[in-house]
Amino acid sequence: MVDRVLGNRYKLLNKLGGGGMAEVYKGLDTLLDRQVTIKILREQYASDEEFAKRFRREAQAVARLSHPNIVSIYDVGIEQNTQYLVMEYVEGVNLKEYISEHGPLKQDKLIDIGMQICDALDHAHSNKIIHRDIKPHNILLTNFGKVKVTDFGIARAVTEATVTYNGGFMGSVHYLSPEQAKGDITDYKSDLYSAGVVLYEMATGHIPHEGESPITVALKHIQDSPKRPTEINPDVSRQLEFVILKAMERDKDKRFSSAGEMKSYLERLDSSTPFIVGERNNTSHSGKNKKKLKPFGWVLIGLLIVGLLIGGFFLAQEIIRVEEVRVPDVIGKSLEEAGRTLEQEGLRVEIGSERFHSNIPKNHVIDQNPRPENAVRKGRFVRLDISLGQRQVEVPNVIGETLRAARIKIENLDLLVDEEIEEVFSEEHPEGRVVGQNPLAGVMQDVGSEISLVVSKGAKLENIKMPDLRGLALAEAENILREKRLDLGIMSYEDSDKYFTGQVVSQDISPGATILQRSTVNLVVSRGPGPKPQSATVTMSVVDDGQEHLIKIVVEDQKGIREEYLKRHQPGDHIRTAVPFYGEGVVKIYQDNVLIHERPVPS
């Protein structure tokens, strides 16, 4: 499979991995010269025509999503029963690998990743796209710590094709929402449940439900509540635990109303803004039934409320007194330098979009948000858009192409054609074809670069004899001029009794004259009416040799060459017949296809 080219464009470089649904390859977009990820569906999916249509439809819908935390889909196609998806290539690791290597994540790192996941889901949900397979394996972390969520929409195509818990589905069942496990209708809140499971795993290093089989795990999602994260990892705050368990409510109406709301709770954790952690109505976390409070209990509650109000007041005062700083201008700086500059001001870096830029070098800042000089509180994230440098493309091979075809091929790659085009004689290439280019094909060039072309003027010019074009139809005369590498100049028209309409009456260079190729020849063409018909009488005697003979009479005149008489005769027959002719010409007599006599007409 490696080195195979799909769609005459995407080359498979090396295998990255695979799952129950697809095999994943690192690839090269040979047209734009950029690395891509190529997912090739396994045969049981690709050979299902109905699934293939559903897969393409879902992929095309997701391709409309454009968000820095969502892996972009570039193309979807099918070739020889191979169904494939071309996506943005992300240099980094998936979240599952990251958790396996680092164990439970520190709260600030967990919150940063969680908010970016929420951003991706919020954008997708606002565009009516539900992921349906949120899990750490589908969450990529770039080398800059940026989150990229992948495989949007693919899960829907698969789950609509089959609703079985087979071995290939085991990786996903640990993150299924209860409604998915039951086979009920899913919506965006199903993604929030799965995101909650991902937060749970980041906080504890463990998945919330385990079992011997996928069915067992699915039933636990439906029936059981997970162990509290604080029981596994005491470093998890009660507020973070509240966010995780609220996202994982079995009753989806009790979950967050949106990914945006879930992010807002994570933001408040990150900024130390307090929020009240409510008691979750979940019997698995308390084995005791509720009892009526005695009067003394009400007094204690009242004192607790007063204490909370007083504490909240002083805490609010502390929050209000958080120091503000001016955001420094880091546009144009390297990412490393920008990070140091922001950290010196007590600000944190968040990587935004990464895109090509014609002026700003690779790994330098294109834009920032908040803007320079804005006043913000210390600890605020500053989102930086990073340059991928000037986009480069591979110069195409245009040798042998017409100038027009070469220009289209070059400009389709966002390159330019140098307007000063050199012309040279060439024995190898016909006139008008490209014989040279600079830079050569295969060289990488910045978009917008100029490509110089050398175009053939044809073979070197020679002296030739001017052909006689008089009496020829215009089309035939033009073909002869082209073959002789002569240029047709001005054509004028005049009435003529000698030549029919469209025949050449005269030429400005005499027939037989010595001229240089590429000379211009002007013609006068007849408007008619042409010569009137005349008649010539042919008389002859067939040879008396005891054999039958075939007699044919051919006329060559202003109207062309044509057969006027064809008949078999007995030996000794005498023939007398009239044949028509136009203008000047010749009458030829053939016996058994052998010319035996000719004479000019009129005579």
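Among the residues making up the range 196-221, those that are surrounded by 15 or more Cβ atoms within 10 Å (Cβ to Cβ), outside any loop (DSSP other than H, G, I, E, B) and either not small (G, A, S) or not assigned by TED's automatic domain parsing to the domain that holds R255 (or both) are V197, V198, L199, Y200, E201, M202, T204, P214, V217, L219, K220, H221.
The numbered conditions (1) modelled with pLDDT under 95; (2) surrounded by fewer than 23 Cβ atoms within 10 Å (Cβ to Cβ) are all true for R228 except (1). Here are some conditions: (1) in a strand (DSSP E or B); (2) touching a residue at least 24 places away in the same chain (Cβ under 8 Å). E564 meets all but one. Which one does it not meet? So the condition that E564 fails would be (2). For first residues located in the range 38-60 and without any contact (Cβ under 8 Å) to a residue 40 or more places away in the chain, partners that are buried (at least 17 other Cβ atoms within 10 Å of the Cβ) and lie 6+ apart or on another chain with Cβ distances below 6 Å form the pairs A46/Q83; A52/Q83; R56/V76. The lone criterion from (1) over 30 Å from L6 (Cβ atoms); (2) modelled with pLDDT under 90 left unmet by G77 is number (1). For the structure I just gave you, tell me whether A22 is touching a Lys or Arg at 6+ places or on another chain (Cβ under 6 Å) and small (G, A, S). Criteria met by A22.
Pairing each residue of the range 171-188 that is over 28 Å from G205 (Cβ atoms) with any residue that is among the basic types (K, R) and not in a loop (DSSP other than H, G, I, E, B), provided the two are 6+ apart or on different chains, yields C-beta distances under 8 Å for D187/K252. Determine which single condition K588 fails, assuming it passes every other condition in (1) closer than 30 Å to P529 by Cβ; (2) out of contact with any strand residue (DSSP E or B) (no Cβ under 7 Å at 6 or more places or on another chain). Here K588 meets the rest and fails (2).
Does any residue of the range 358-366 turn out to be assigned to a strand (DSSP E or B) and of a type in the set (A, V, I, L, M)?
Checked against the condition, which is being assigned to a strand (DSSP E or B) and of a type in the set (A, V, I, L, M), the range 358-366 yields at least one hit.
Filtering the range 414-466 down to residues that are within 24 Å of the chain's Cα centre (by Cα) and not in a strand (DSSP E or B), which residue is surrounded by the fewest Cβ atoms within 10 Å (Cβ to Cβ)? Among residues in the range 414-466 that are within 24 Å of the chain's Cα centre (by Cα) and not in a strand (DSSP E or B), the one surrounded by the fewest Cβ atoms within 10 Å (Cβ to Cβ) is G442. Just so you know, in the range 520-535 the residues that are modelled with pLDDT of 95 or more and either among the hydrophobic types (A, V, I, L, M, F, W, C) or part of a loop (DSSP other than H, G, I, E, B) (or both) include one that is surrounded by the fewest Cβ atoms within 10 Å (Cβ to Cβ), and it is V524.
The values are calculated or read from the model by the stated rules, or taken from the named source; none is laboratory data. Everything numeric in this text was worked out from a predicted model, so none of it was measured. Neighbour counts run over all protein chains shown; Cβ positions are idealised from the backbone, glycine included.
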